Protein chains: 2
Amino acid sequence: MEDDIYLSYLFRPKSIAVIGVSKTPGKMGYEILTNIVRYGFQGPIFPVNPKYKEIHDIRCYKTILDITDDIDLAILVSPIERIPKILGELKAKGVKVAVVISGRRGDLSSLPIVELARKYGIKILGPSSMGIFHAGSKLNAALGPLSVIEGSVGLIMESRTLGMALMGLTTVEGIGLSAVVGLGDKLDINESDILDFLMRDRSTRSILMHLEKINDPESLIDILKNSINSKPVVILSSASDVREKLESFDGYIPIVDDVEQALDLVLVMAGKRIKGNRVLIVTNSGGAGKLITGLSNQTKIKLSRPSEDLIDQIRQFVPEGGICSSNPIDITGRAGTDIYRGILDVVLSSDDFDGIIAIYCETALSDPLRLASMFYELWELYEKPIIPVMMGGEKSKEAVLQLRRKGIPAYSSPCRAMRAIDSLIKISSFSNQ
Amino acid sequence: MEDDIYLSYLFRPKSIAVIGVSKTPGKMGYEILTNIVRYGFQGPIFPVNPKYKEIHDIRCYKTILDITDDIDLAILVSPIERIPKILGELKAKGVKVAVVISGRRGDLSSLPIVELARKYGIKILGPSSMGIFHAGSKLNAALGPLSVIEGSVGLIMESRTLGMALMGLTTVEGIGLSAVVGLGDKLDINESDILDFLMRDRSTRSILMHLEKINDPESLIDILKNSINSKPVVILSSASDVREKLESFDGYIPIVDDVEQALDLVLVMAGKRIKGNRVLIVTNSGGAGKLITGLSNQTKIKLSRPSEDLIDQIRQFVPEGGICSSNPIDITGRAGTDIYRGILDVVLSSDDFDGIIAIYCETALSDPLRLASMFYELWELYEKPIIPVMMGGEKSKEAVLQLRRKGIPAYSSPCRAMRAIDSLIKISSFSNQ
């Protein structure tokens, strides 16, 4: 356990030094300090650069040694050649962990960074890390957007630039983040160390991990085996090596090469578990229902017919011309929020199905935002997952985003929902093993 | 050719009667009339409903027979039971083509609609059609959004509700439309009639067709064989019957069941052709480059190394730490617009590659909107296609939308771009046969 103290300093520092700050927007030393300050970090922040007296109205220090207070976490943005010297100063200050933003991935030159860090007892994240974000600590020390949706998805990114873009994409896709960690070159702290921590981090409910290689396959497989039943993981990778090393999970852990799909899956996994594979589709478009049904053959999803008893209960809500004895249930384009609500209540209370996909194609008859509020209510009310699909113009888009920002796995296309629930079934069946 | 006159009335009417209008928002008879009026149709509009004297400040007629002017196109929104009687009145007025919005798809009751229409010499689109939109005629007689991005993609939709949602989705996804046609039950006018017309419609450059069944496979295959070299078609369907009937195209025509993918593909096909499969990837993120490279094995895309000569020309632009002798070319996270521009100019002028995927992961160093303007310039300047991938937060999203609205196939994830260019290569190789 003592080993882990550095992780507390990393994720929950009480004070931060940023070494190599800059006043030039666009430069990493500007962007990262600005994010830390503006995101509202609560403890003291110590910028270091001999050129400045102050930056963002905060006193700027000539060297690390000029700082008299304790430093829990050091963020290093100076040119990579200076890192060895800086490590020496960090040791003198008693700093236990440093995030090295500097450096180009793969280009580890011949600097004795790890050797020195080990000698000095300093743990290193990086080099070429994108930094660290932890919502619970109001800590945004990442090269990425300033404004982040806070939520329960953890991101672990090996690539710095891809990580920045992906973190940006979460704001556009409505994905709430609990933590972001840039692994960079993983010279010291590796994927298993961070995964292990996030597995125990209570604000994180599912994890997306970008990997190009695995430093410590044994530890990683161990952690995954022990923990993915409580906290699912999605791997973003196209490296055959990563795929081979994780093949013992036999599809239970999704390994995808599409960033949007990765976000879709980690979103559904941050929500509820599903107890089985019996899924009912309710749709206001027969055409959308048919599209999605074809896809189910390639998944573990079982679209069985509702029981006679359930059909009897559903029938009262289905408008004329609808179909209630099949799966999908077709409630026709004239269905408004009340019809969805009536049917969903009945199905969520029954034992026939383990989850629901509710497809809504935008019509002038019903307000997507009102429908979204209803989906949210049902999500809170019942144990079983309901996956809303809301397809249409700006209003539907906004409805999907509103739901996502609350942690509800809503999608803008039936296919995306289908793939998501399929992954959820797989990971849940791993838990049930 | 005489046969086709009804199609001119359908797509380019000089006057429209809307039978069964309503003053209640949400009702089809309100929505469709409102779209026609507000979208700015240039000719006379004749609403018909005995209950009203006027609607939207336009005189409303008791019956069709009260209209003294000629009617090129009749839009029927009255209850389906009244359609036979209305057809009789349309015949008396000499109307040649009617769009039947009314009705539930598949529920054709026992009304002699087609029989009467044939007897009266009236062509019927529908029943249960979502209506018709034709940008060139300022005609928005569709159940769908009022505001549409005008462009060069034609949509042919069998399902009414799915069609409405998909038309809405084009506004969110930045896809410009030339025409939308709701086939509905296809009792009379079928998929081949409409496809044939759009193949000859100069404002349409590619076509997305939603099909659950094919009424006239022989005609459809004939049209596709003769025309997809000049105007590509994407099929949205999960019906095995549709797949089987089109299997002679052996993958040249994409048949997809994902609405977003369908839009992605029809967008790239509305742009430029590609002469071969040699694609160069330029990326500011090595990580993103690696993700996309893995995917290329499942496609027809050939990622060959640039020639020594080309490498020499590229080298001058690549920042320190970048890689210019491979594919992808890694220009590092520090690359700004000028670096992209320099390299793209050189590659687009060379004979080494047939197309480029330019990946940009959002960084604080470069402005996505400025980059988008540059991509647009290059798109206009060179014959070869350049497919921008811009991934990040709101600015990148907006950049992608700006490009898309101008008809440039830009994407927010490398995978989506890869699938799009793969489809483009396939369809282009069909043309080259």
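Just counting partner chain Cβ atoms within 10 Å, what average do the residues of peptide B:357-363 show around their Cβ? Spell out each step's value before the answer.
Numbers: counts 0, 0, 3, 2, 11, 9, 10.
For peptide B:357-363, the averaged partner shielding equals 5.
Return the FRET efficiency for the residue pair B:Lys93, B:Arg200: r is the Cβ-Cβ distance, R0 is 30 Å, and the value is rounded to the nearest 0.05.
Values: r = 28 Å, r/R0 = 0.94.
The value I calculate is 0.60.
Which one, A:Leu208, B:Asn297, B:Val181, projects farthest toward the positive side of the charge dipole computed for the protein assembly as shown from Cβ point charges (K/R +1, D/E -1)?
Farthest towards the positive end: B:Val181.
Kindly express, to the nearest 10 degrees and within the range 0 to 90, the angle between helix B:217-227's C-alpha long axis and the longest C-alpha principal axis of chain B.
50 degrees
Relative contact order for the range A:268-394: what is it in percent, counting Cα pairs under 8 Å that are at least 6 residues apart? Mind dumping the intermediate values first?
On the way: 205 pairs, mean separation 40.0, N = 127.
The normalised contact order for the range A:268-394 reaches 31 percent.
Would you mind classifying the range A:36-165 by shape? Square roots of the alpha carbon gyration tensor eigenvalues, ordered a ≥ b ≥ c; an a/c under 1.5 is rounded, otherwise it is prolate if a/b is larger than b/c and oblate if not. Show your work: numbers first, answer last.
Numbers: a/c = 1.68, a/b = 1.12, b/c = 1.49.
Here the range A:36-165 falls in the oblate category.
For A:Val346, what is the net charge nearby, where nearby means another residue's Cβ is under 14 Å from its Cβ and Lys, Arg count +1, Asp, Glu -1? Let's see the in-between values first.
Values: positive: A:Arg315, A:Arg341, A:Lys384; negative: A:Glu308, A:Asp309, A:Asp312, A:Asp338, A:Asp345, A:Asp351, A:Asp352.
With Lys, Arg at +1 and Asp, Glu at -1, the net is -4.
What size of dipole, in debye to the nearest 20, comes out for chain A about its Cα centre when the only charges are +1 on Lys and Arg C-beta atoms and -1 on Asp and Glu C-beta atoms?
Values: 51 positive and 53 negative charges, 205 e Å.
I would put it at about 980 debye.
Put a point 7 Å out from Cα along the line to Cβ at B:Asp351; what are the distances to that point in the other copies, in nm, shortest first?
Spacings between copies for this position, smallest first, are 7.5 nm.
Once label points are set 7 Å from the Cα along Cα→Cβ at both B:Asn297 and A:Arg82, what is their separation, rounded to one decimal in nm?
Placing both labels 7 Å beyond Cα along the Cβ direction yields 4.3 nm.
Can you give me the pair-distance distribution of the protein assembly as shown, C-alpha pairs, 20 Å bins, whole percents?
It works out to 15, 43, 31, 10, 1, in whole percents.
Starting from the Cα-Cα distance between B:Arg370 and B:Arg405, subtract it from 0.36 nm times their residue separation and give me the gain in nm to one decimal.
Fully extending the segment from B:Arg370 to B:Arg405 adds 11.0 nm.
Calculate how steeply helix B:414-431 sits against the longest principal axis of the alpha-carbon atoms of chain B, using the helix alpha-carbon long axis, and give the answer as 0 to 90 degrees to the nearest 10.
Relative to chain B, helix B:414-431 is tipped by roughly 70 degrees.
Between B:Glu398 and B:Asp216, what length in nm is gained on full extension when 0.36 nm per residue of separation is reduced by their alpha carbon distance? Write out the running numbers ahead of the final one.
On the way: separation 182, 0.36 × 182 = 65.52 nm, distance 4.17 nm.
Computed gain between B:Glu398 and B:Asp216 is 61.3 nm.
Could you give the nm distance between label points at B:Arg305 and A:Gln316, where each point is 7 Å from its Cα heading toward the beta carbon?
Between B:Arg305 and A:Gln316, the simple spin-label model gives 7.3 nm.
Between copies, how close do the A:Arg305 label points come, placed 7 Å along Cα→Cβ, listed in nm from shortest?
6.2
With labels modelled as points extended 7 Å from the Cα through the Cβ direction, what inter-label distance (nm, one decimal) is found for A:Ser326 paired with A:Ser429?
Going by the 7 Å Cα→Cβ label model, 2.6 nm.
Given springs between every Cα pair under 10 Å in a Gaussian network model of chain A, which of A:Leu220, A:Leu236, A:Leu295 has the largest fluctuation?
Among A:Leu220, A:Leu236, A:Leu295, the largest mean-square fluctuation in the Gaussian network model of chain A belongs to A:Leu295.
Per DSSP H run of at least 4 residues, take -39500 (n - 2.57); add these up for the protein assembly as shown, divide by its residues and hand me the 222 nm value, nearest 500 deg cm²/dmol. Kindly include the intermediate steps, with their values, before the conclusion.
Values: 30 runs with 331 residues, N = 866.
So the calculated ellipticity at 222 nm is -11500 deg cm²/dmol.
Do any of A:Lys231/B:Lys397; A:Lys231/B:Lys290; B:Lys96/B:Lys426; A:Lys96/A:Lys272; A:Lys302/B:Lys23; A:Lys397/B:Lys231 go past 32 Å between their Cα atoms, and which?
On the way: A:Lys231/B:Lys397 30 Å; A:Lys231/B:Lys290 27 Å; B:Lys96/B:Lys426 40 Å; A:Lys96/A:Lys272 37 Å; A:Lys302/B:Lys23 44 Å; A:Lys397/B:Lys231 30 Å.
Correct reply: B:Lys96/B:Lys426; A:Lys96/A:Lys272; A:Lys302/B:Lys23.
Would you mind giving the average projected area, over all directions, of the Cα convex hull of chain A in nm² with one decimal?
On the way: hull surface 86.5 nm².
Computing the convex hull of the Cα atoms and averaging its projections yields 21.6 nm².
Residue by residue through A:280-293, how many Cβ atoms from other chains fall within 10 Å of the Cβ on average? Before the final figure, lay out each step's value.
On the way: counts 0, 0, 0, 2, 3, 9, 8, 14, 6, 3, 8, 13, 3, 3.
Taking all residues of A:280-293 together, the mean is 5.
For chain B, with a Gaussian network of springs between Cα atoms less than 10 Å apart, report the residue from B:Ile19, B:Ile67, B:Ile301 with the top mean-square fluctuation.
Maximum among the listed residues: B:Ile67.
To the nearest 20 debye, what charge dipole does the protein assembly as shown have about its Cα centre, counting +1 at the Cβ of each Lys and Arg and -1 at the Cβ of each Asp and Glu?
On the way: 102 positive and 106 negative charges, 284 e Å.
In total the dipole reaches around 1360 debye.
So if we plug the beta-carbon distance of B:Lys23 and B:Asn229 into 1/(1 + (r/R0)^6) with R0 = 41 Å, what FRET efficiency do we get, rounded to 0.05?
Details: r = 49 Å, r/R0 = 1.19.
In this case the efficiency is close to 0.25.
May I ask for the angle, rounded to the nearest 10°, between helix B:28-39 and the longest principal axis of chain B, with both axes built from Cα atoms and the value confined to 0 to 90°?
Value to nearest ten degrees: 60.
Taking the Cα centre of the range A:279-431 as the origin and placing charges on Cβ (Lys, Arg +1; Asp, Glu -1), which of A:Gly393, A:Leu310, A:Asn284 is farthest toward the positive end of the dipole?
So the residue we want is A:Gly393.
Which whole-number percentage describes the relative contact order of the range B:85-148, with Cα contacts under 8 Å and a sequence gap of 6 or more? Can you show the working numbers first?
Working: 67 pairs, mean separation 22.0, N = 64.
Relative contact order comes out at 34 percent.
What does the charge count around B:Pro84 come to, taking other residues whose C-beta lies under 13 Å from its C-beta (Lys +1, Arg +1, Asp -1, Glu -1)?
+2
Which whole-number percent is the relative contact order of chain B (Cα, under 8 Å, 6+ apart)?
On the way: 928 pairs, mean separation 50.2, N = 433.
Here the relative contact order equals 12 percent.
Give, as ranges by residue number, the residues of the range B:11-33 whose backbone N falls under 15 Å from the point 7 Å along Cα→Cβ of B:Leu111.
Those under the cut-off are B:19-21, B:28-29.
Among chain B residues, which Cβ is nearest the axis of the B-onto-A rotation, and at how many Å?
B:Glu260, 4
What number comes out for the charge environment of A:Val48, summing +1 per Lys or Arg and -1 per Asp or Glu over other residues with Cβ under 14 Å away? Intermediate values should be presented prior to the final figure.
Values: positive: A:Lys23, A:Lys51, A:Lys53, A:Arg59, A:Lys62, A:Arg82, A:Lys85, A:Lys93; negative: A:Glu54, A:Asp66, A:Asp69, A:Glu89.
Result for the local shell: +4.
Which stretch or stretches of the range A:371-389 have amide N atoms under 20 Å from the point lying 7 Å from A:Ser349's Cα along the Cα→Cβ direction?
A:374-387
Averaged across A:205-212, how many Cβ atoms of other chains sit within 10 Å of each residue's Cβ atom? List each step's numbers first, then the result.
Working: counts 0, 0, 0, 0, 0, 2, 0, 4.
The mean count of partner-chain Cβ atoms within 10 Å per residue comes to 1.
Which distances in nm, rounded to one decimal and ordered from shortest, link the label point of B:Gln316 to the equivalent label points in the other identical copies, with labels set 7 Å from Cα toward Cβ?
7.9
Binning at 10 Å from 0, report for the range A:279-431 what percent of all alpha-carbon pair distances ends up in each bin.
12, 46, 37, 5, 0
Coordinate-derived values only; no laboratory data. Since the structure is predicted, the reported quantities are computational estimates derived from the model, not experimental observations. Note that each Cβ is placed from the backbone with ideal geometry, even for glycine, and that neighbours are counted across all protein chains shown.
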